[in-house]
1. Compute the Kirkwood hydrodynamic radius of region 204-297, taking the inverse of the mean of 1/r over all pairs of distinct Cα atoms, and give it in Å to one decimal.
2. For region 68-276, with only Lys/Arg (+1) and Asp/Glu (-1) charged at the beta-carbon, what is the dipole magnitude about the Cα centre, in debye rounded to 20?
3. Using R₀ = 41 Å, calculate the FRET efficiency as 1/(1 + (r/R₀)^6) where r is the Cβ-Cβ separation of ARG216 and GLU30; round to 0.05.
4. Around ALA121, which amide H atoms from residues at least 5 apart in sequence, or from another chain, sit under 5 Å from its own amide H, with H modelled in the peptide plane?
5. Counting only helical runs of four or more DSSP H residues, what would the 222 nm mean residue ellipticity of the chain come to if each run contributes -39,500 (n - 2.57) and the total is spread over all its residues?
6. If the only charges are +1 at each Lys and Arg Cβ and -1 at each Asp and Glu Cβ, what is the size of the charge dipole of the chain around the Cα centre, to the nearest 20 debye?
7. How far apart, in nm, are the 7 Å Cα→Cβ label points at ARG332 and ARG70?
8. If you take the Cα Rg of the chain and divide it by 2.2 N^0.38 Å, with N the number of residues, what do you get?
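Every number here is computed from the coordinates shown, using simple stated rules; none is lab data. As the structure is a computational prediction, the values presented were derived from the model and not from experiment. A quick note on method: Cβ atoms are made from the backbone with ideal geometry, for glycine too, and the neighbour counts reach across all protein chains shown.
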Amino acid sequence: MVFEKGGVKSPMRPLGLTQGVAHAALVGPEELARGAGLETIVRLGSNESPFGPSPKAIAAMRAEAERANRYGDPSVSDLREAIAARHGVSPKNVSVGAGIDDLLGWIVRAYASNGGAAVAALGSFPTFEMHVTGFGTRLERVPYREDGHIDLEGFLDAARRLGGALIFLPNPDNPSGSMHPWHDVVAFLDALPDGSLLIHDEAYANFLEGDARFPRDAIDPRMIRLRTFSKEYGLAGARVGYALASPDAIAALDAVRLLYGVSRPAQAAALAALGDDEFVASVLTRIAEGRAEYHALGARLGLRTLPSATNFVLFDFGSAPRAKDALDALLRYRIHVRKPPFPPLDRYVRISVGMRSERTQLAAALDAIVGGTLHTPNGG
């Protein structure tokens, strides 16, 4: 029922809508498939693992499904303790949420809402911007460098102008695939003005190799580190991520987290996945092979690719309009990919590493597209 009586005052205006937050960057492959009238779609746009969860994680989820009538442990204690042991820290240094998206909301709510200030890259992972805008936080967005790296000097300048800020640094970065080594992160942290807090989003950190890997046990009161089970662990649909931080920061996050936010099956799956190192190692190897194949494909087609420390690669189509044309053409080939929205990255198309059969399908589509043959198979 809609009430239309005269003199009724307007309701409170939601911050997110009035300040222009858009979900276009997060339109899922299911919605795109429906809009294009496709029954199936190859998912190479969301940086998911094509290799699925560990068999141990699947078994754990199945076992817990029979107990889904019961809430999961609100303290997520078993998983917190296992994560702490993996990183060589105390459970008081760990908090677990429903993915990094969830954790970002806690951080903004705990530290920067109601007139606070934040800094992020222009065109970076959009969830942070959505939380910042929704909580009424001032946001400064710094363009990427021409080489695709986040501009740390630009971040510093913005934080100093703001007199301290909440800084969002995905590293390795999405959508560029670039990374800053740990010693640069430490130097950046030391240079930040008082009153700042660094969010170091390490969603893709396990794709780093050898000496490039970040220390597992680094805890600093000026920084919150974020990790996820959505990538190499293959649990994107289960929604589990965690924060590593000082006990005071963890207490601040726990004060605003949703009590039963991580489901019972998700907790069990993440715990089992964390213990299956052999499976994770195999996924990392196959992702590296796929990345190398993408770089070779780009070289063969005359499409420059950016170096990547993640499970995706950016292909350079020369201009934003040509990248948009390629994005649309690939969808007509039933392949879902994404394109960064702002320069200098808007000339690229970001493509997640898929299974070998999916990579073969992608290569055939790009052969046709780059060659100027933009028809789709089977008259689609």
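1. On the way: mean 1/r = 0.0652 Å⁻¹.
The answer is 15.3 Å.
2. Details: 19 positive and 26 negative charges, 147 e Å.
Taking the Cα centre of region 68-276 as origin, the dipole is about 700 debye.
3. Values: r = 36 Å, r/R0 = 0.87.
In this case the efficiency is close to 0.70.
4. Long-range HN contacts for ALA121: VAL142.
5. Numbers: 13 runs with 149 residues, N = 380.
Counting only the DSSP helices, I get -12000 deg cm²/dmol.
6. Numbers: 41 positive and 43 negative charges, 187 e Å.
In debye, rounded to 20, the chain gives about 900.
7. About 5.5 nm separates the two model spin labels.
8. Values: Rg = 21.4 Å, N = 380, 2.2 N^0.38 = 21.0 Å.
Scaled against compact globular proteins, the figure is 1.02.
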